[in-house]
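Below is one structure, written out as structure tokens; the observations come after it.
Bear in mind that the values in this text are calculations on the coordinates, not laboratory data. Quick caveat: nothing in here was measured; it's all calculated off a predicted structure. Using ideal geometry, Cβ is built from the backbone for each residue, glycine included, and neighbour counts are taken over all protein chains shown.
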Amino acid sequence: MMSNIPEDLYYSGTHEWVRLEGDTAILGVTDHAQESMGDMVYIDLPEVGKTIETKGECGVLESVKSASDFYSPIAGEIIAVNEKLTDTPDLVNKDPYGEGWIIRLRPENVDAVKELMDATAYRKFLEEAE
């Protein structure tokens, strides 16, 4: 089954996505990642104000199957976390690209997303991994 891969996002090889909105970036995990992990039971969110390096760990996602680190595909300062995930971590399963977003950050360099995969490249990446 092919995962939902929105065209307007950027993707990392560790299955995180980035959506740019003006000078901020919204990050979450892909539909493929949440499908692989199963039902989310707990999400450890980072602190607002923390600066993250590219590929820096910024949280842990715990599912019924496993616990996985969440990495930021781009560097920046965390300006918001999705507090709803504290009580309803399964939002990541239900709506990974909407209500299930994980963090918002102010990117160090907005052009850093050009280093990530677009939807076409991510789709190919998933096909090759199967």
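Which value, in debye to the nearest 20, describes the size of the charge dipole of the chain about its Cα centre when Lys and Arg Cβ atoms bear +1, Asp and Glu Cβ atoms bear -1, and nothing else is charged?
Numbers: 11 positive and 27 negative charges, 13 e Å.
I would put it at about 60 debye.
DSSP loop trypsin sites (Lys or Arg not before Pro) in segment 3-61 with at most 16 other Cβ atoms within 10 Å of their Cβ, which ones?
Taking segment 3-61 and a limit of 16 other Cβ atoms within 10 Å, the loop trypsin sites (Lys or Arg not before Pro) found are K50, K55.
Can you tell me the FRET efficiency between S3 and E108 if r is taken as the Cβ-Cβ distance and R0 is 25 Å, rounded to the nearest 0.05?
So, using R0 = 25 Å, E works out to roughly 0.30.
Place a label point 7 angstrom from the Cα of T14 along the Cα-to-Cβ direction, then list the residues of segment 63-95 whose backbone nitrogen is under 12 Å away.
Within reach of a label on T14, which here means backbone N under 12 Å from a point 7 Å along Cα→Cβ, segment 63-95 contributes 68-75.
Bin width 5 Å, origin at 0, all Cα-Cα pairs of the chain: what percent of pairs per bin?
Per 5 Å bin, starting at 0, the Cα pair percentages come out as 2, 12, 23, 25, 21, 13, 4, 0.
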